[in-house]
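Worksheet: the structure to be examined is printed underneath.
Here, each number is a calculation from the coordinates, and none is a lab measurement. The structure displayed is predicted, hence computed values, not measured ones. Cβ placement follows ideal geometry from the backbone for every residue including glycine, while neighbour counts extend to all protein chains displayed.
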Amino acid sequence: MSKQAPGVRIDGLTVTYNNLPAVRQVSLELAAGTITGIVGESGSGKSTLALSLLNAVQPPGRIAGGSVEIDGLGDVVALRGEDLRKARGAKIGYVFQAAQNSLNPLKTVGKQLLDLGRSHGVDDLRGLVRDAKELLGRMGLDGNRVLDSHQHELSGGMRQRVGIMLALVLNAHLVVLDEPTTALDMITQANILKIIREVHEERGLTTMVITHDIGVVAEVADRLAVMYGGRLVEQGPTREVLASPQHPYTRGLIRAIPRLTGDIDEARALPGRPPTLATVPAEGCVFRERCPLRMEVCDTVDPETQSIGGRLVACHAVKVKEHA
Amino acid sequence: MITGENITKTFKQRGNVLDKREVRALRGVDFSIPRGGAASFIGESGCGKTTLGRILAGLESYDGGEITIDGVPMSGLKPKARQPYFRRIQMIHQDPYSALNPTRTIQQTLFAPLQLRAKQTGRDAKWIEERAAEVLSLVGLDPGTVLGRYPHQLSGGMRQRVVIARALTVDPEMLVADEATSMIDVSLRLGILALLKDLRERLNVSVLFITHDVATARYIGDDGDLYVIYRGQVVEQGKVDTVIADPVHPYTQALLSAIPVLHGLEVPGEEPVVPTSGLDESKEDTGCLFARRCPFATEACTAAPPPLQLTEGVPQRHACIHPRRRSVVAREV
């Protein structure tokens, strides 16, 4: 590989929709060559965060503050026009949520591939098709057949793989996958996750996976970041976060996963419901309404992100415990 | 008690006269769900589990076999006479966002079926109001705050509860929940599962749970039966917990192996089973339908279809000529 996997540094990122913050003061580093999983429920701001990596937040949304530094590209928040268009696809690959719906139903996959190549000024279109076939073959598909197919002729798992191919074929080394396995059954999901991991290693990528399913992150990600109400509440190495979650939300989320083994009665749903853009509190901790450790300070003061043994946690209660 | 015997269903592709492709969605499925009991159908997309649920809810016809509801075989009845039976089986769909009319308040949504019932049984408007409040309370919603709202003002979890409440207005005998939790936020998913379990206990409704996520099947009751369905056939069947703990069919083992392992909390099973290829229904198979994807298949597998037989040592049945226990499920560390 000619290019190296880029590192990404998101610093103090705030994205608003009509002045309501969907992502608030998020700082996150994606180390070069790693897979980072972003976990959150609906309305947590995880997809907005992912779109910010391409500076592709749609109006009325806008990036209101902060920066997204990508090695070799600089701050993408400052990129405009042609520079931004060229960076998308060629430097940053994006696999959209429900890849099944992101393909053009009227064109074959091959035609869409050629469109992609032309819009990025690729001279050697034969070479592009060859690369695409190789990638599809790598993912266990028959390249010739897939390129000649319309999207309705492909199964969900196949379309997802086509999405991954289109994200990688221009040789992007930063890849964002938004809900890559939603709506797929377990066996297909396991297969796609394996492909993501293998392709990540073989091509030397920096990968970001957005999901609501902790299980998906547990299978693929080196690092795990948990979002709630537009804030990053906890991040750290996946195994460590799963083994000893610090933030009460992370703890609750892990306990709420239906499991194959263990006591059924120990698992329970979190009380209350996730906040929406309109109901997320403007000040204080965003999780306090559902939190078992709620204190007075949580109502007024936004907990700062602090480092606890290689883990970043934003919670007043965790701080108290540490100092006690 | 609802039983099905040798249910078959084939979908014929319309259009092309020369190329008459058929999809055999169900190839003879037997099941029985006692009053207040639970059964789960699990399998990949396209295995026929949803078709079976739709047949039971009266939304789809079946080609062969017999469905018996409370001892009455449906084949002997005219379509019109079947209606009151199938009405007792209500469907909960996967997507609570599209299952509710967005232009109607929850009150309007719940009142419609209740008004019909009131007319049939000669009850008054007060009964309708009381019953609507009652079904909402049963699903854990506060009638005062919810009745006047529109679906978009509720969260996904609350919407799914409204859908369940609407199903309860007709006093159903069974709820068919087709992937009813897959679009609900993870933190709220267990709440919906606990509700279904609770309804079984309090109202004696049975629950037919259709899912590809085996783990969720445990949470509607460990007394429930699990049916593992592959290409329209039951390949393994038994109590939920014993099938998960002691599967002998390679397909069940593949489904269980595919469930993500929470590394850090769990260690994977020692003998994971991975199918050798994807689901391909374009070819017809002789013998075992899973043989082409099975890593343990032998020549004998393709000779004749394996019958569903009793598993040694456990009250379970399997359709495999090489049954073997394998440790596939992740264990907690």
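Highest mobility in the GNM of chain A, judged by mean-square fluctuation with C-alpha springs under 10 Å and restricted to A:ALA256, A:ALA221, A:ALA314, is found for A:ALA256.
Residues of segment B:289-313 with amide nitrogen under 15 Å from the 7 Å Cα-to-Cβ point of B:HIS322? Only B:289-304, B:306 fall inside the zone, counting backbone N under 15 Å. When the alpha carbon gyration tensor of segment B:1-149 is reduced to an equivalent ellipsoid, the three semi-axes, largest first, read 34, 20, 16 Å.
Isolated cysteines in chain A, defined as those with no second cysteine Cβ under 4.7 Å, comprise A:CYS291, A:CYS315. For segment A:96-127, applying the loop criterion from DSSP together with a ceiling of 14 other beta carbons within 10 Å to the trypsin sites (Lys or Arg not before Pro) yields A:LYS107.
Relative contact order for chain B: 19 percent, from Cα pairs under 8 Å spaced at least 6 residues apart, divided by residue count. Measuring max minus min along each principal axis, the C-alpha atoms of segment B:110-202 give extents of 42, 29, 19 Å (largest first). Close amide H pairs (under 5 Å, H built 1.01 Å from N) link B:SER40 with B:PHE209, B:ASP225, B:LEU226, B:TYR227, residues at least 5 positions away or on another chain. Taking 0.36 nm per residue of sequence separation and removing the Cα-Cα distance, the B:ALA112/B:ARG21 pair yields an extension gain of 28.6 nm. What does the extension gain come out to for A:ASP124 and A:ARG251, with contour length at 0.36 nm per residue minus their alpha carbon separation? Length gained between A:ASP124 and A:ARG251: 40.6 nm.
Over all pairs of different C-alpha atoms, segment A:54-188 has a mean inverse distance whose reciprocal, the Kirkwood radius, equals 15.9 Å.
May I ask for the longest run of chain B untouched by GluC sites (Glu not before Pro) that are loop-located per DSSP and have at most 16 neighbouring C-beta atoms (other than their own) within 10 Å? Free of exposed loop sites, the longest segment is B:61-269.
Relative to the longest principal axis of the Cα atoms of chain B, the long axis of helix B:156-168 makes an angle of roughly 80 degrees. Averaged over the residues of peptide A:266-272, the number of Cβ atoms from other protein chains lying within 10 Å of each residue's Cβ is 5. A straight line joining the Cα centroids of segment B:206-233 and segment A:295-310 runs 42 Å. What the Kirkwood sum gives for chain A is a hydrodynamic radius of 20.7 Å, with every pair of different alpha carbons counted.
Taking 0.36 nm per residue of separation and subtracting the Cα-Cα distance, full extension of the segment from A:GLU202 to A:GLU304 would add 32.9 nm. Averaging over all projection directions, the Cα-based convex hull of segment B:152-298 occupies 11.7 nm² in the image plane. As a length-normalised measure over Cα pairs under 8 Å and 6 or more apart, the relative contact order of chain A settles at 21 percent. Every helix of 4 or more DSSP H residues in chain A counts as -39500 (n - 2.57), and over all residues that averages to -10000 deg cm²/dmol at 222 nm. Taking 16 Å as the cut-off, the amide N atoms of segment A:179-205 that come nearer than this to a point 7 Å along the Cα-to-beta-carbon line of A:GLU134 belong to A:199-205. Peptide packing: for A:145-152, A:132-139, B:243-250, the average count of neighbouring Cβ atoms within 10 Å per residue gives the ranking B:243-250, A:132-139, A:145-152, highest mean first. Residues of segment B:219-234 with an amide N closer than 19 Å to a point placed 7 Å from the Cα of B:MET1 along the Cα-to-Cβ direction: B:223-226. Amide H contacts of A:ILE210 (H built 1.01 Å from N, in plane; Pro and chain starts excluded): A:ILE38, A:LEU177, A:ASP178, A:GLU179 sit under 5 Å, all sequence-distant by 5 or more or on other chains.
A Förster radius of 30 Å, combined with the Cβ-Cβ distance separating A:ASP75 from A:MET295, puts the computed FRET efficiency at roughly 0.20. Remark: spin-label model distance B:ARG123-B:GLU66 equals 3.5 nm, labels positioned 7 Å along the Cα→Cβ axis.
If you plug the beta carbon distance of A:ASN18 and B:THR8 into 1/(1 + (r/R0)^6) with R0 = 60 Å, you get a FRET efficiency near 0.65. In terms of Cα atoms, the Rg and Dmax of the protein assembly as shown work out to 26.0, 79 Å. Looking at segment A:228-324, which GluC sites (Glu not before Pro) are DSSP coil and have at most 10 other C-beta atoms within 10 Å of their C-beta? In loop regions of segment A:228-324 (DSSP not H, G, I, E or B), the sparsely surrounded GluC sites (Glu not before Pro) are A:GLU283, A:GLU296.
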